[in-house]
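The values are calculated or read from the model by the stated rules, or taken from the named source; none is laboratory data. Predicted, not measured: the structure shown is a model, and the values here were computed from it. Virtual Cβ from ideal backbone geometry, glycine too; neighbours counted across all protein chains shown. Side chains are part of the model used for accessible areas, which takes the heavy atoms of the whole protein and leaves out ligands, DNA and RNA. Shrake-Rupley method; radii C 1.70, N 1.55, O 1.52, S 1.80 Å.
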Amino acid sequence: MPDDPRVALVTGSSRGIGAGIVRALAADGIRCVVNYVADGDGRNRADAEALAAETGAALVCECDVADHDAVGRMMRSIVEALGGLDIVVANAGILRDRTLRKMTADDFRRVIDVNLGGTFNVVQHATTLLRPGGRIVTIGSVAGFQGFFGQGNYAASKAGIVALTKVAAREFARQGTTVNCVAPGFIATEILADMPADVTEKFRASIPLGRLGAIDDVVNAVTFLCSPRSGYVTGQVIHVNGGFAM
Ligand code: NAP
């Protein structure tokens, strides 16, 4: 593929869907920044560095997306090192499922802080740092529309991301930047690893296309929204769920 002069930041990209997005954008010649959050045993850093080596990513940045100031420092350092920033994919996300009766205030706040707060942090810093004509893609979830049992925190965070995406689409339009959301259904990544097998099977059986999604199913929607082919698409949600919710 010809080199693309654009620079892309994908948050939470040491593994899962984020890593898939980096692989695809890098294959299109876009200079990518891999973001990871530090963990106790250093696995995330090792994964992020391995992905960067595999894809030729331009930078690897440690940053907790829930930390507003740290996100600003990371994004400014990208602009300084690579000369600009054109694409932001706000992908980092966590689950802390509990029924509302059992959910602690900390369970609620942390999921809101990482998923919705983290998306706000990168989008807000993008208002001053993104070059005109840029692309912002947020990652929602079918949970934000369906409100699954035990996901009061996660579903609320993902519903909030849709509203934030629409506001950002209006506010960024004057600089020619599009802002859209991809809302995956059930995608086979580690985030589903804790789901009991019988629950996963129950969901699979109710998906019209008859299978869980693959990482590339989500990646294809994200790369479309990052490409020139989507220049007249903004403020939208692309659902990638095999028909589970229509
Ligand atoms: P994943 O495999 O758990 O990957 C999520 C990534 O985000 C991990 O690398 C994780 O690092 C990182 N992360 C977590 N907290 C972070 C923080 N504070 N700062 C920076 N990075 C952080 O999950 P995934 O399935 O790829 O999910 C990616 C996105 O898709 C998430 O927003 C998720 O909600 C959304 N989604 C997934 C599905 C699905 O079925 N898989 C469905 C709908 C939506 P750690 O290793 O530290 O956790």
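Taking the charge dipole of segment 187-236 about its Cα centre, with +1 at Lys and Arg Cβ atoms and -1 at Asp and Glu Cβ atoms, the residue from 231, 187, 205 reaching farthest to the positive side is 231. Classification of segment 127-180 by its C-alpha gyration tensor yields a prolate form. The axis ratio a/c (a ≥ b ≥ c) is 1.5 or more, and a/b outweighs b/c. Shown here for segment 86-119: trypsin sites (Lys or Arg not before Pro) in loop regions (DSSP other than H, G, I, E, B) with at most 16 other Cβ atoms within 10 Å, namely 101, 102. Centre-to-centre separation between the Cα atoms of segment 178-246 and those of segment 71-88: 28 Å. Give me the tail of P(r) for the chain as a percent: Cα-Cα pairs with distance above 35 Å. Considering the chain, 9 percent of its Cα-Cα pairs are separated by more than 35 Å.
Only Lys, Arg, Asp and Glu carry charge here, each on its Cβ (+1 for the first two, -1 for the last two); on that basis the chain has a dipole of about 740 debye about its Cα centre.
Entry comment: accessible area of the chain is 47 Å² per residue, from protein heavy atoms only and a probe of 1.4 Å. Taking the alpha carbon gyration tensor of segment 175-246, multiplying each eigenvalue by 5 and rooting it gives semi-axes of 28, 12, 9 Å, largest first.
The portion of the accessible surface of the chain made up by carbon and sulfur, rounded to a whole percent, is 54 (1.4 Å probe; DNA, RNA and ligands excluded).
Label segment 1-145 by shape, choosing from rounded, prolate and oblate, from the square roots a ≥ b ≥ c of the eigenvalues of the Cα gyration tensor; if a/c is under 1.5 it is rounded, and otherwise prolate applies when a/b is larger than b/c, oblate when it is not. Judged from the Cα gyration tensor, segment 1-145 comes out prolate (a/c at least 1.5, a/b above b/c). With a 1.4 Å probe rolled over the protein heavy atoms of all chains, the accessible area of 239, 125, 68 falls in the order 239, 68, 125, largest first.
Relative contact order for segment 47-146 using alpha-carbon pairs under 8 Å, separation at least 6, rounded to a whole percent? Kindly include the intermediate steps, with their values, before the conclusion.
Details: 97 pairs, mean separation 35.4, N = 100.
Once normalised by length, the contact order is 35 percent.
Candidates 19, 71, 222 compared by Cα position along the dipole of the chain: farthest toward the positive end lies 222, with charges placed on Cβ.
Remark on residue 239: its backbone amide H falls under 5 Å from those of 183, a criterion applied only to residues 5 or more positions apart or on other chains, H modelled at 1.01 Å from N.
Under unit Cβ charges (Lys, Arg +1; Asp, Glu -1), what dipole magnitude, rounded to 20 debye, does segment 1-55 have relative to its Cα centre? Display every interim value, and only then the final one.
Values: 6 positive and 8 negative charges, 19 e Å.
It works out to roughly 80 debye.
Under the convention that each Lys and Arg Cβ holds +1 and each Asp and Glu Cβ holds -1, the size of the dipole of segment 28-150 around its Cα centre is about 420 debye.
Over all directions, how big on average is the projection of the convex hull of the alpha-carbon atoms in segment 93-171, in square nanometres?
Numbers: hull surface 20.8 nm².
About 5.2 nm², averaged over all directions.
For the chain, the relative contact order is 18 percent, taking Cα pairs closer than 8 Å that sit 6 or more residues apart in sequence and dividing their mean separation by the residue count.
Using 0.36 nm per residue, how much length does the chain from residue 73 to residue 98 gain when fully extended, once their Cα-Cα distance is taken away?
Fully extending the segment from residue 73 to residue 98 adds 5.7 nm.
Counting only lysines at least 8 places from residue 166 when in the same chain, those with an alpha carbon closer than 26 Å to its own are 158.
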